[in-house]
Amino acid sequence: MTLPGFPDAAPLAGLGGGVLIGLAAALMLLGAGRIAGVSGIAARAFGIASGSLPRSAAFAFIIGLPLGALIVMGLSGAATPAFAGPLPLVVAGLIVGIGTRLGSGCTSGHGVCGMSRLSQRSLVATATFMITGFATVAAMNALGIEVLP
């Protein structure tokens, strides 16, 4: 299935991924009684934050994110991912980390779990993520900066 004007779009794959993310968030809430906010779980996995989730479970969750993507990529024959260089990745990671601390959570915690609970703080945070993303893409396009080759 293709979308007009978006020849590389894969809406069914996106739908499937969204269902799996929602299922994982629901299982985490029902099974562990915890919101599946990746930044908080990562902080717990690396001992930066405390919480009720055991560190081993937090670490397994964090390792499972890229591992699951690699398994799906291998089974589906998807294209090889492309990444920016190490310096942009480190700078971007630091900026995202600062943002998650300032926003009291990340896109998974606010955008997936908070939005489904109609949390006002999450509604504002998600709107901020989206507006910032749109503005960044518009600025990069205006400057002629290509994100990935």
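Would you calculate, for the chain, the mean residue ellipticity at 222 nm contributed by helices, counting each DSSP H stretch of 4 or more residues as -39,500 (n - 2.57) and dividing by all residues, to the nearest 500?
When only DSSP H runs of four or more count, the value is -21000 deg cm²/dmol.
Taking H placed 1.01 Å from N in the peptide plane, check which residues at least 5 places from Ser119 or on another chain put their amide H under 5 Å from its amide H.
Sorted by chain and number, the residues that satisfy this come to none at all.
Can you tally the net charge around Phe61? Count Lys and Arg as +1, Asp and Glu as -1, for every other residue whose Cβ sits under 12 Å from the Cβ of Phe61.
Residues close to Phe61 contribute a combined charge of +3.
Could you work out which residue, out of Gly17, Gly85, Gly47, moves most in a Gaussian network model of the chain, that is, has the largest mean-square fluctuation with Cα springs under 10 Å?
Gly85
Compute the normalised compactness of the chain: alpha-carbon radius of gyration over 2.2 N^0.38 Å, N being the residue count.
Relative to the rule-of-thumb radius for its length, the chain sits at 1.15.
Once you have all Cα-Cα distances for segment 83-149, histogram them in 10 Å bins from zero and send the whole-percent values.
Per 10 Å bin, starting at 0, the Cα pair percentages come out as 20, 41, 31, 8.
Which trypsin sites (Lys or Arg not before Pro) from segment 81-139 combine a DSSP loop assignment with at most 13 other Cβ atoms within 10 Å?
Taking segment 81-139 and a limit of 13 other Cβ atoms within 10 Å, the loop trypsin sites (Lys or Arg not before Pro) found are Arg117.
Test of understanding: in a Gaussian network model of the chain with alpha carbons linked when under 10 Å, which of Pro11, Pro54, Pro66 would top the mean-square fluctuation ranking?
The residue that fluctuates most here is Pro11.
Determine the sum of side-chain charges near Gly51: Lys and Arg each +1, Asp and Glu each -1, restricted to other residues whose C-beta is under 14 angstrom from that of Gly51.
Here the count lands on +3.
Each reported figure results from applying straightforward, stated rules to the coordinates on display, with no laboratory input. For clarity, every value in this text was computed on a predicted model and none was experimentally measured. FYI the Cβ positions are ideal-geometry reconstructions off the backbone, even for glycines, and counts take in every protein chain you see.
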